[in-house]
Amino acid sequence: MLKPVGRLLAASVLVAGAVACAPGADGGRPGGRAPSEVSTEVAKAGQVTLTVWDQEVQGGQRAQIERLNAGFQAKYPNVRIHRVARSFSDLQKTLRLALSGGDPPDVVQANQGYASMGQFVKAGMLLPLTPYDRVYGWRKRYPKALTDLNSVSPDGRSIGTGDLYGVSLNGEIVGIYVNREKLARLGIGPPRTWAEFERALAAAKGKGELPVVFGNLEKLPAMQTYGVIQDQLAGKDPVRSLIFGTGGKWTDGPNVQAARTLADWAERGYFNKDANAVKWDDTPVDFAKGQGVFMIGGNWWAADLQKKMGAKAGFMAPPPAQAGAPPTTMGGESLPFSITSKSRHPDVAAAYIDYITSPQAMDVSVETGNLPALAAPSKRPEGALTKDVAAAWAELSKGDGITPYIDYATPGLADTLGGPLQELIAGRTTPEKALEAAQRDYEEFLKGK
């Protein structure tokens, strides 16, 4: 749910200790086993059509990947990229079927966590990237905290260990978008603490404004909003322990209180009444049209909002409990680009991933209004909103304030917590029952680890 050294390009690199495997009958590599030999000479690969599935459909994301694809094809005229673009939700629904079929894509964006990447690794659907990493040096280029998110044990049950299975281009944080014009008209200053933010919601509602524009048809938005609240009430360390299965319960007091806060916001009319019927991607569209004083969402919407709203739009990390304390929120990196185990062109696919996550790609990320996972070598954000995002990212990074997305906790949490949170917003369940459902799923998953 995130989600970006120079190179020594030898003609052919024999990787010591790698598992040798012959190509499968369909030209791919069976069983998700690492290749024993890596070729980096893309120009000598012959005419190649590389099929890439991505979810870079927002304006800035789309502009970014289109420029990078064009650059790769210009560098290697023998390669044609067949791009299949899907929304995040549609990609999650269709990717498993595509990977299990007879003609899967070469490169896909496989979401981090147990539900997607962990399951794909367990099923042998993704190719371990360790041999390619030895050539391209991704682990050296990226901080360990980021490569850990894209690393999975062979059985798919441990995140942060095992082989590398993907590389990400962009950084991600979930923060609070602000309509500066409305805030000024209401006489509300930028909130410096979480209590001030909640008072701002009440003040906006009291003056006839919709406090938070919100779309939750897909359930995931409620989990992100809940996670932002949870970070403020529980604190980053307990949240990290809970998500990584090293301590705590979903039914612990601060976690239940976070659910109660979400329910209170809905009951007080801080969200639009039809929130559970509004698509996630329609939320920033409505915000740009003037609905809502605030919007809780990821930085991936910033480029589009900057074009549509200009200086009216602002972005901030969720304000901390105490004024002056380091902020905390969920985030990490964008969906990584992975190679499918049946790819007919894994070497070309690896070169493609290296190109679209290179230092030069980070410059393209900035130029298209996105947030690069690594510092861009020469470009800096120019618009007010993207400057806000970059400042929030820097502040969170400095204070070690980024927590993982909560749906990483179990393969099924998007349903076992997302569904109850949707019911909670509709007033059809209680905070306690919603968290009890998540805890049952959590305990079942931990038993099998």
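The values are calculated or read from the model by the stated rules, or taken from the named source; none is laboratory data. For clarity, every value in this text was computed on a predicted model and none was experimentally measured. Note that each Cβ is placed from the backbone with ideal geometry, even for glycine, and that neighbours are counted across all protein chains shown. Only protein heavy atoms, including side chains, enter the accessible area calculation; ligands, DNA and RNA are left aside. Shrake-Rupley method; radii C 1.70, N 1.55, O 1.52, S 1.80 Å.
Numbers for the structure displayed
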{"quantity": "For the stretch 34-133: rounded, prolate or oblate by the Cα gyration tensor [a/c cutoff 1.5]", "calculated": "oblate"}
{"quantity": "Highest average packing first - 398-404, 180-186, Cβ atoms within 10 Å", "calculated": "398-404, 180-186"}
{"quantity": "Share of carbon and sulfur in the accessible heavy-atom surface of the stretch 270-374 [1.4 Å probe, %]", "calculated": "52"}
{"quantity": "Of [x] 1.09; [y] 0.95; [z] 0.98, the label for Rg/Rh (Cα atoms, Kirkwood Rh) derived from the coordinates", "calculated": "[z]"}
{"quantity": "Shape parameters for the stretch 91-250, alpha-carbon atoms, Rg then Dmax in Å", "calculated": "20.4, 60"}
{"quantity": "Label point at residue 325 placed 7 Å out along Cα→Cβ; residues across the stretch 245-264 whose backbone nitrogen lies under 19 Å", "calculated": "252-262"}
{"quantity": "Phi to ³J(HN,Hα) by Karplus 6.51 cos²θ - 1.76 cosθ + 1.60 over the stretch 67-72, Hz, x for Gly, Pro", "calculated": "5, 5, 4, 5, x, 5"}
{"quantity": "DSSP beta bridges in the chain [antiparallel fraction, %, rounded to 5]", "calculated": "65"}
{"quantity": "Estimated inter-spin distance, residue 94 and residue 67, nm [label 7 Å along Cα→Cβ]", "calculated": "2.7"}
{"quantity": "Computed lengthening from residue 240 to residue 428, 0.36 nm per intervening residue step minus Cα-Cα distance", "calculated": "64.8 nm"}
{"quantity": "Net charge of neighbours whose Cβ lies under 14 Å from the Cβ of residue 204, counting Lys and Arg as +1 and Asp and Glu as -1", "calculated": "+3"}
